[in-house]
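To keep things clear, I will list the structure first and then write my remarks on it.
Just so it is clear, none of the values below were taken in a lab; they were calculated from the coordinates. Everything numeric in this text was worked out from a predicted model, so none of it was measured. So basically every Cβ, Gly included, is an ideal-geometry build from the backbone, and we count neighbours across all protein chains shown.
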Amino acid sequence: MLLSLIKNILSTSPVDQRIETRAIERKPGIKSVLNVGGSSKQTPIPEYFLGWQHDLLDIDPRGGPDLVCDARELRKLPGGVYDAVYCSHNLEHYYRHEGLNVIRGFHHMLNETGFAEIRVPDIAQVMAAVRERELELDDILYQSPAGPIAAHDVVYGFQREIQESGQDFYAHKTGFTPKSLGKILLDGGFPWVFLSTEKEHLAVHALAFKVEPTVEQHGLLQHAWDLKSA
């Protein structure tokens, strides 16, 4: 059903050639999450999505995504499809005005009670760490599974990946603090926003809901989030 709708849109709209899709079958009674910019399904997503249908969207086809698409084009796809959108360390790869368009795309892709989960570097924490530790931009800020990460990598994008891929879409084009991430989510149409800087080192983490979180969503997220106040 989703594939046929996408084909109809592609045949009637001047859509960028960056949109390609595999056949995606909807499984009745199974919730679904769209992982935006996740690179590969080998990269873990939160455990509370276990048992959900996991569809991967990425601009880079090397990781085998279900949808090869620039996230700025989300509103050209059929909307109201997903129960959740998950986006980890991707929103900083767009200029600020484009990031707002991406957020609106998340809103478009979600069903009536859907929510988005977003993680981005917290530039305020990064700046504080650089100042307190008296680091240069090329000094190592922390170690990651991908190797040592310099302050320059966090602010401007992982230089090794940019160089090896030859793709500038891996560069960072904006940055966020908790306040600015909350604002762009509100501006993008999400009236219920929850923020945390404690779930990941040097990062800000957000949940954004189209409507007040449901009882089911409270149960799903209760071990990871406090949804008592927005």
Query raised in the report: Hey, can you rank 168-176, 220-228 by average C-beta count inside 10 Å, highest first?
Result: 168-176, 220-228
Query raised in the report: Efficiency by 1/(1 + (r/R0)^6): what FRET value for His223 and Glu136, r their Cβ-Cβ distance, R0 = 45 Å, to the nearest 0.05?
Result: 0.70
Requested in this report: Taking the chain as the reference, fit the longest principal axis to its C-alpha atoms, fit the long axis of helix 123-133 to the helix C-alpha atoms, and give the angle between the two in degrees, 0 to 90, nearest 10.
Outcome: 20 degrees
Query raised in the report: What residues of the stretch 174-193 lie in the reach of a label at Arg96, counting those whose backbone N is under 20 Å from a point 7 Å from the Cα along Cα→Cβ?
Result: 174-190
Requested in this report: For each pair in Lys27/Lys179; Lys31/Lys173; Lys41/Lys179; Lys179/Lys199; Lys76/Lys173; Lys76/Lys179, compute the distance between the two Cα atoms and list the pairs where it is over 27 Å.
Outcome: Lys27/Lys179; Lys31/Lys173; Lys41/Lys179; Lys76/Lys179
Query raised in the report: Once the Cβ-Cβ distance between His152 and His54 is put in as r, and R0 is 45 Å, what FRET efficiency do you end up with, to the nearest 0.05?
Result: 0.90
Query raised in the report: Any idea what angle helix 96-109 forms with the longest principal axis of the chain, computed on alpha-carbon atoms, 0 to 90 degrees, nearest 10?
Result: 30 degrees
**Report entry** Test item: Cα-centred dipole of the chain, Lys/Arg +1 and Asp/Glu -1 on Cβ, debye
**Finding:** 700 debye
Query - Cα gyration tensor shape of the stretch 173-219, rounded if a/c is under 1.5, else prolate or oblate by comparing a/b with b/c - result: oblate
Query raised in the report: Of all DSSP beta bridges located in the chain, what percent are antiparallel, nearest 5?
Result: 50 percent
Report task. Compare the Cα positions of Val102, Ser40, Ser165 along the charge dipole of the chain (+1 at Cβ of Lys, Arg; -1 at Cβ of Asp, Glu; about the Cα centre) and return the one farthest towards the positive end. Result -> Val102
Query - Extension gain, Gln163 back to His201 (0.36 nm per residue minus Cα-Cα distance, nm) - result: 11.2 nm
Query raised in the report: How much mean residue ellipticity at 222 nm does the chain get from its helices, if each DSSP H run of length 4 or more adds -39500 (n - 2.57) and you divide by all residues, to the nearest 500 deg cm²/dmol?
Result: -8000 deg cm²/dmol
Report summary line: Neighbours of Ala206 by Cβ distance under 12 Å: Lys/Arg at +1, Asp/Glu at -1, summed charge +1
Query raised in the report: Relative to the first principal axis of the alpha-carbon coordinates of the chain, what is the inclination of helix 2-12, with its axis defined by its Cα atoms, in degrees from 0 to 90 and to the nearest 10?
Result: 90 degrees
Query - Residue (of Ile59, Tyr142, Val155) at the positive-pole extreme of the chain, dipole from beta-carbon charges - result: Ile59
**Report entry** Two-decimal ratio, the stretch 2-221, of alpha-carbon radius of gyration to 2.2 N^0.38 Å
**Finding:** 1.02
